[in-house]
Protein chains: 2
Amino acid sequence: MSDQRTYGAIEIGGTKIICAVGTEDGTIQERTRFPTSSPETDVPRMTDFFSGSGISSLGVGTFGPVDLRGKGDEYGKILECPREKWSGCPLGGLLRNALKVPVAVDSDVNAACIGEASFGAGKGKENVLYITVGTGIGIGFTIDGRPLHGLMHPEGGHSKVMMHPDETISSVCRFHPDCAEGFASGPAVERRCGRRGESIPKDDPVWEIEAYYLSQLVRNCMQILSPNVIVMGGGVMEQSHLFPMVRDGVREQLHGHYVRAESADLDTYIVPSLLGGSQALLGCIRMASEVFGHPLSHL
Amino acid sequence: MSDQRTYGAIEIGGTKIICAVGTEDGTIQERTRFPTSSPETDVPRMTDFFSGSGISSLGVGTFGPVDLRGKGDEYGKILECPREKWSGCPLGGLLRNALKVPVAVDSDVNAACIGEASFGAGKGKENVLYITVGTGIGIGFTIDGRPLHGLMHPEGGHSKVMMHPDETISSVCRFHPDCAEGFASGPAVERRCGRRGESIPKDDPVWEIEAYYLSQLVRNCMQILSPNVIVMGGGVMEQSHLFPMVRDGVREQLHGHYVRAESADLDTYIVPSLLGGSQALLGCIRMASEVFGHPLSHL
């Protein structure tokens, strides 16, 4: 139907920004992408894309940390972060004021989790954990489709891991000498091997080290969050031979402790993303459809 | 008012069971306790206590693991656990069928978290993490007052900790050689020192080891769950000198990463229970008041 409502979606990553228009069923009708630069140049490009598109509302998934509790123009403000140009950018307010539609903002990983829970590998599951392993490591968590917030949004990629006995590098995280992101993100793999993960053979022992860290993260998230399914995505997880290795590491660590029917078969409990890189964008569409109807002053 | 509605509460621990009758405002009117034995002797004692009490509904917090997703008589069933007599006990169904009132069941730690969130140190906070450090270590988590379930309920006491370099004992956990419960529960303190924590001087170096483990657990829960406040209770935490030590350990591990206003002051972010051991019982009263009005067939 030509009069079907359309929603806007913006995924803001460290290197690229994707804007899209789609419908409630998760169909993307139009999309564009451009490299991430600064709010001064990028926010106008975003609003230009949606100008005249007739979107009813907008969902935004951005690198964090982002303030989801501020009211008015403070809602969806990027907090102090390594990307200095973006630190303090009142992203949510800028977009809402320019486009005059309700705007929902979340972390890129929560958006991806909403996407998987709504349309992907978490569909039909009560509580969904999404772990992205790429330039950084992030976690998103949804409870009956609603993202976990609280103090901010989960930052579980920075939770502690124990160093592998054969480790040769120091943490790549600028904050933590001992976090999952520091030892298992794409840049950590590259520091360890001097080359990017996709060029490393599947049988290289470095993948055992990678799986050692990821399985610690998965085990801790599993025990602390009690999710119904764990979806893993991001560039590093495109090395699909990591999945059985991570599952083995988790199984070994659990020692059979309180395994339920759903988690007994780790092949169906720890699964790859089904949305081929569009999970955050589709999550933003869902966020937009949920914020639609709220008055502009709601947030 | 004599016609004020009353609710039942049962806290089932490894060594004792407490039954109480109270009102919605958290007033306990009557309580009894007896040692934990077996379902065959204990369930009748519970139902006898409430017989004729006129309670409108019942909340139960029990040692886990407990199935919160089963329907009918399967709801609130104790799963396979070290307490063999209780493994498989259909607790929720037995109590509901005997008392003919709606029954809500949760883990003892989720019940305690509900208590703190409703009446204690988490009151007024959006998302509350409760960590108990006693015979075992458990975590409970509430989101706007509702407990986190998912696959089951959090079992974060079994998440991974890195061993202290001066550690002299092996894990006391029968499952995990490397979990928080294994190294920081009361029995772990006792194995390490040959005596119970309350008899160990405050300046004994063993408390540094204890805080080392607890601060790892708190840091991981903080990053994974993003709570608005962290309440700690249980027998071991009655050693109140542990609080500043745990806060110091957490502060050191965070390295200033994404600290928000609420978490910048760890003195008000990581706090002792305010309910003096009644947190689970009060949580059960709240659970009962929330399940009241649901038909018996609801669960």
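Some observations on this one:
- Residue-level check: of (1) crowded, with 18+ Cβ neighbours inside 10 Å; (2) part of a helix (DSSP H, G or I), B:Glu252 misses just (1).
- Matching option when the condition is of a type outside the set (Lys, Arg) and either farther than 19 Å from B:Val161 by Cα or outside any helix (DSSP H, G or I) (or both), among A:Val236, A:Val246: A:Val236
- In this structure, B:Glu167 does not qualify as surrounded by fewer than 22 Cβ atoms within 10 Å (Cβ to Cβ), in contact (Cβ under 8 Å) with a residue 12 or more places away in the chain, at the interface with another protein chain (Cβ under 8 Å from one of its Cβ atoms) and farther than 29 Å from B:Glu74 by Cβ.
- Within the range B:118-149, tally of residues that are within 11 Å of chain A (Cβ to nearest Cβ), surrounded by fewer than 24 Cβ atoms within 10 Å (Cβ to Cβ) and part of a loop (DSSP other than H, G, I, E, B): 4
- Subset of the range A:255-286 [surrounded by fewer than 17 Cβ atoms within 10 Å (Cβ to Cβ), free of Cβ contacts under 8 Å to residues at least 24 places away in the same chain and either in contact with a Leu (Cβ under 9 Å, 6 or more places away or on another chain) or hydrophobic (A, V, I, L, M, F, W, C) (or both)]: A:Arg260, A:Ala261, A:Ala264
- Any hit, the range A:33-44, residues being among the charged types (D, E, K, R) and farther than 16 Å from A:Ala280 by Cα: yes
- Among the candidates B:Ser159, B:Ser215, the residue that is within 14 Å of chain A (Cβ to nearest Cβ), free of Cβ contacts under 8 Å to residues at least 40 places away in the same chain, within 23 Å of A:Gln253 (Cβ to Cβ) and among the small types (Gly, Ala, Ser) is uniquely B:Ser215.
- Here A:Val236 does not qualify as within 14 Å of chain B (Cβ to nearest Cβ), crowded, with 18+ Cβ neighbours inside 10 Å and at pLDDT 95 or above.
- Conditions (1) in contact (Cβ under 8 Å) with a residue 60 or more places away in the chain; (2) part of a helix (DSSP H, G or I): number failed by A:Glu210: (1)
- Selection count, the range B:50-93, where residues are part of a loop (DSSP other than H, G, I, E, B), more than 14 Å from every other protein chain (Cβ to nearest Cβ) and among the hydrophobic types (A, V, I, L, M, F, W, C): 2
The values are calculated or read from the model by the stated rules, or taken from the named source; none is laboratory data. Worth saying up front: this structure is predicted, and the values here are computed from it rather than measured. Virtual Cβ from ideal backbone geometry, glycine too; neighbours counted across all protein chains shown.
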